[in-house]
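Chemist: Can you read through this structure? Questions will come right after.
The values are calculated or read from the model by the stated rules, or taken from the named source; none is laboratory data. Note that the structure is predicted; figures quoted are calculated from it, not measured. Glycine gets a Cβ as well: all are built from the backbone with ideal geometry, and neighbour counts include every protein chain shown. What goes into the accessible areas is simple: the full protein's heavy atoms, side chains included, and nothing from ligands, DNA or RNA. Shrake-Rupley method; radii C 1.70, N 1.55, O 1.52, S 1.80 Å.
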Amino acid sequence: NTAVKQDGFNSQIGFIIACVGSAVGMGNLWRFPVLVSAWGGMTFLIPYFLFVILIGSTGVVEEIALGRSTGKGPIGAFGAAMAHAGKSRKLGESIGIIPTIGSLALAIGYSCVVGWIFKYVVMAFTGKLFGMGTNMDVIGGTFGSTATAFGNNMWIIIALIVNFAIMAFGVADGIEKANKFMMPLLFVMMVGLAIYIGIQPGAVNGYKYIFTVNPEGLKDVRLWIFAFGQAFFSLSIAGNGTVIYGSYLSKKEDVPFSAMNIAIFDTLAALLAALVIIPAMATSGAELSEGGPGLMFIYLVNIMNQMPGGMLVGIIFFVCVTFAGLSSLVNLYEAPVATLQQQFRLSRIQSVGIIGVLGVVVAVLIQGIVGSWMDAVSIYICPIGAVLASVMLFFIFGKQYTMEAVNAGAKKPKGDTWFFLGKYVYTGLALLALIAGAFYGGIG
């Protein structure tokens, strides 16, 4: 087990950036702007911000602390919790398999999406994307033929080779360094895009829309459910990736401070995406109620191609999307990779190799059903993982252990109020996410 323990993040900054990379993904870039648009700008943002503050200060702290205090991913951490409570370690480890498999299943589905992104970033650089102009038949047909059974084999394989190459270098030399390169660049490019789009004619209507509040809209219960679901999934809470990254964090680091920064930068990325996409749609007078992949790969391509410097806008945008997708994919595959290392004493390279082959084969096979695959995982398995992780720390490990785990290295230690909020409010909401997801067909 020593081989696993030696690897870890070199710095708190590196850890925060990697966690931000894990949290910033397609949820920020295509789901968040659609929800902001569909639910009326600031009307959606008010509940969203409230939930980000709550989840960031409880759920994110809890998952990092669980991983760090046990030094393990979900399987080892859940086993340690049950043993601590005088119950069966094996039972805890068996329960920990649920979020680990969830992470792998989500990673495999996400691999298909990152495969699309790799294809589109290359088309942006070669000019093929810009060459489609505003011909919606060509733009739509290109994506239609990509997002279909066996429609994008080569790019999925290339995307996963890049992903697993980063992971093979380990936590500090692979994941941390890649994120330190990708994340700052992503933010700089998104700010640049937002400014450029902001000066285009008609963009001001997009800003007006974003910053409008409809008090009547705030009375809709579904708005609050969708806002919670988006905050929940955007912060990468599922009892897997954040737990495993936490296990690589030094005991000297400040967990609540790290969690706060993760929540802030994840929200900034989502807001930047909204400030790019909604004003961009406004420049062409388009209605931004079109969600899902169609927004990014069809409607936005059409709009960017109409802009002055459209080819460069497309390149910058899809490079940002590539960084967001890849940083999240690395995190999703880390839980299963670390599981092989920790449970079966395999080397980093062996673990990456096994999960890599599995990831490539299954991702290529599920291209035709990726939408329903992702829905099933995000609606059920992710919230179950989040609830289980919360129960393990707050209820099974108990108050004394939890407070020591959270406050080790903290400059402003948490107290009874935090424990109450985490144990009852956050866990209750995570359970609600699971129930609401089942009723509303997905909230993330």
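Chemist: Quick one: which helices (runs of 4 or more DSSP H) sit completely within region 235-343 and have at least 3 residues that are open to solvent by 10 Å² or more (accessible area, probe 1.4 Å)?
Modeler: So the answer is 255-283, 300-306.
Chemist: Please find, within region 170-206, the residue that is nearest to the chain's Cα centre (by Cα) out of those that are buried (at least 16 other Cβ atoms within 10 Å of the Cβ) and outside any helix (DSSP H, G or I).
Modeler: The residue in question is Gly170.
Chemist: How about region 34-52: which of its residues are farther than 20 Å from Val20 by Cβ and hydroxyl-bearing (Ser, Thr, Tyr)?
Modeler: Of everything in region 34-52, those that are farther than 20 Å from Val20 by Cβ and hydroxyl-bearing (Ser, Thr, Tyr) turn out to be Ser37, Thr43.
Chemist: Can you tell me which residues in region 2-57 are of a type in the set (D, E, K, R) and crowded, with 20+ Cβ neighbours inside 10 Å?
Modeler: Arg31
Chemist: Here are Asn135, Asn153, Asn163: which of them is of a type outside the set (Phe, Trp, Tyr), open to solvent by less than 60 Å² (accessible area, probe 1.4 Å) and more than 20 Å from the chain's Cα centre (by Cα)?
Modeler: Just one listed residue meets the conditions, Asn153.
Chemist: Check whether at least one residue in region 207-218 is aromatic (Phe, Trp, Tyr), open to solvent by 10 Å² or more (accessible area, probe 1.4 Å), assigned to a helix (DSSP H, G or I) and closer than 27 Å to Ile303 by Cα, and report yes or no.
Modeler: Yes, region 207-218 has at least one match.
Chemist: Among the residues of region 74-100, which ones are open to solvent by 40 Å² or more (accessible area, probe 1.4 Å), part of a helix (DSSP H, G or I) and among the polar types (S, T, N, Q)?
Modeler: Ser94
Chemist: Also: Only one of (1) out of contact with any helix residue (DSSP H, G or I) (no Cβ under 7 Å at 6 or more places or on another chain); (2) over 29 Å from Asn152 (Cβ atoms); (3) open to solvent by less than 50 Å² (accessible area, probe 1.4 Å) fails for Gly353. Which number is that?
Modeler: (2)
Chemist: So which of Met392, Met374, Met403 ends up being part of a helix (DSSP H, G or I), free of Cβ contacts under 8 Å to residues at least 40 places away in the same chain and not aromatic (Phe, Trp, Tyr)?
Modeler: Exactly one residue qualifies, and that residue is Met403.
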